[in-house]
Each structure stands twice: as C-alpha cells, then as structure tokens.
C-alpha cells in the first residue's frame, strides 16, 4: 500500500502546541498527565541514548485530552523529545486534524497518542502509536476482567476500576511499561537511523 503524503510542513507544524501549552489547556485532566510526567522520567541510560540522536529535528504528537493512553504515555514521549538535542515537539488534536491523523492509523483505528519523528527535510524517520506492546497485553487482560465482564448498568463503575488497574500497572516501581515504551521508541529509531549495525 502506498504511503499517504503527510500534509505537514514548517508552517503547519508551527501551529501545533508546545508540550507546555498542551498541558496548560488540559483543564481537569491536567493533574493526571502532570503526575505521569513526574513518574515517567527517563532512566540515565535512556537519556544518554536519546541525547545522542541529533538527526531527529521535528516530532509530531497527536493527542486528545480525554484519552487515557494519552495521559499515561504522552509524558514519556515528551521526555524522549526533550532529551534529543535538536528535536522540536508540537502537539495536534487528533479530531481537529483528521488529514494528519489518517496518515497514522493503527490497524484502521485512529489510536492515540501518536508520535512521529521527522528529519530536517520533513522526511518521516518513524512513528510510535498508542502504547507499548507489553502494556497492550496488560490492558486486554484488565479489560476482560472489568469492562467486558460488567453488565450494562455497571459500566461506569467498571470503567473507573479499569482505569485504576491500568494506572496501577504503570505505577509499578521502576515503571516497566514506560521502560517498554522507551525501548520500543529506541529500537525504532536505531533501526530507521541505521544505528543498530554500528554497535
């Protein structure tokens, strides 16, 4: 399948929100995202790797304030972008930018967050979508025990329990699900930038 042409250039990129501005507009969901931002800091080894990547010039994030995966994973993605010496991050709302969103579907779905890396000439280096594979396995199990098992009149309570259990998995000491996400982004960039062969 031919790759869709990504409708992005410097002018449009500049209309996106900085990470700080994105957080500032979040309203009642901001505290959850800021809490995860403090918890999801990079390890020294991760920071060392990402700080050595000068080829990534731009990073596009697609997000929405209501999305739990955005609250849990966008902070880690912001840390990764901050660690790269030449990387400028801009956040765009998924539903207001469907022409962008539809270039980065996840098996046909508009999953978020999406983080797409570009070089100085707007060539895509790589993309990471939604959550780490290890997190997806955990989420599927939690969903089966909570939301999928609850009767229709108990869905609100089941959703609250689902969210609490998923966050608890992210809050495990050492942040294994954040480490898994950082490792996936690292492997993606190593592969796309040809770094793996140089080790």
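Among the residues making up the stretch 127-145, those that are within 27 Å of residue 59 (Cα to Cα) and either in a helix (DSSP H, G or I) or touching a helix residue (DSSP H, G or I) at 6+ places or on another chain (Cβ under 9 Å) (or both) are 127, 128, 130, 131, 132, 133, 134, 135, 136, 137, 139. Tallying residues that are buried (at least 24 other Cβ atoms within 10 Å of the Cβ) and in contact (Cβ under 8 Å) with a residue 60 or more places away in the chain within the stretch 68-88 yields 5. Kindly indicate whether residue 148 is out of contact with any strand residue (DSSP E or B) (no Cβ under 6 Å at 6 or more places or on another chain), more than 30 Å from residue 60 (Cα to Cα) and in a loop (DSSP other than H, G, I, E, B). It is true that residue 148 is out of contact with any strand residue (DSSP E or B) (no Cβ under 6 Å at 6 or more places or on another chain), more than 30 Å from residue 60 (Cα to Cα) and in a loop (DSSP other than H, G, I, E, B).
For residue 75, are the conditions met, namely being under 15 Å from residue 22 (Cα atoms), in contact with a helix residue (DSSP H, G or I) (Cβ under 7 Å, 6 or more places away or on another chain) and outside any strand (DSSP E or B)?
Working: under 15 Å from residue 22 (Cα atoms): yes; in contact with a helix residue (DSSP H, G or I) (Cβ under 7 Å, 6 or more places away or on another chain): yes; outside any strand (DSSP E or B): yes.
The answer is yes for residue 75.
Just so you know, in the stretch 48-67 the residues that are buried (at least 17 other Cβ atoms within 10 Å of the Cβ) and in a helix (DSSP H, G or I) include one that is nearest to the chain's Cα centre (by Cα), and it is 50. If you go through the stretch 151-177 and keep only what is touching a residue at least 40 places away in the same chain (Cβ under 8 Å) and either assigned to a helix (DSSP H, G or I) or in contact with a helix residue (DSSP H, G or I) (Cβ under 6 Å, 6 or more places away or on another chain) (or both), you end up with 163, 166, 167, 170, 176, 177. Residues that are modelled with pLDDT of 95 or more, in contact with a helix residue (DSSP H, G or I) (Cβ under 6 Å, 6 or more places away or on another chain) and more than 16 Å from residue 130 (Cβ to Cβ) are absent from the stretch 3-13 altogether.
How many residues, within the stretch 113-134, are over 16 Å from residue 188 (Cβ atoms) and either without any contact (Cβ under 8 Å) to a residue 12 or more places away in the chain or surrounded by 13 or more Cβ atoms within 10 Å (Cβ to Cβ) (or both)? Number satisfying all stated conditions: 2.
Is the stretch 93-104 home to any residue that is within 14 Å of the chain's Cα centre (by Cα), surrounded by 15 or more Cβ atoms within 10 Å (Cβ to Cβ) and in a loop (DSSP other than H, G, I, E, B)? Taking every residue of the stretch 93-104 in turn, at least one turns out to be within 14 Å of the chain's Cα centre (by Cα), surrounded by 15 or more Cβ atoms within 10 Å (Cβ to Cβ) and in a loop (DSSP other than H, G, I, E, B). Within the stretch 187-199, residues that are under 17 Å from residue 127 (Cβ atoms) reach partners that are part of a helix (DSSP H, G or I) and at pLDDT below 95 with beta carbons closer than 7 Å, at six or more positions or on different chains, in the pairs 190/196. Are any residues in the stretch 9-44 exposed (fewer than 11 other Cβ atoms within 10 Å of the Cβ) and farther than 22 Å from residue 163 by Cα, and if so, which ones? Once the filter is applied, which keeps residues that are exposed (fewer than 11 other Cβ atoms within 10 Å of the Cβ) and farther than 22 Å from residue 163 by Cα, the stretch 9-44 yields 9, 10, 11, 14, 15, 20, 44. Among the residues of the stretch 38-47, those that are outside any loop (DSSP other than H, G, I, E, B) and either touching a strand residue (DSSP E or B) at 6+ places or on another chain (Cβ under 8 Å) or within 15 Å of residue 77 (Cα to Cα) (or both) comprise 38, 39, 46, 47.
The values are calculated or read from the model by the stated rules, or taken from the named source; none is laboratory data. Since this is a predicted model, take the numbers as computed values, not measurements. We place every Cβ from the backbone using ideal geometry, glycine too, and count neighbours over all the protein chains shown.
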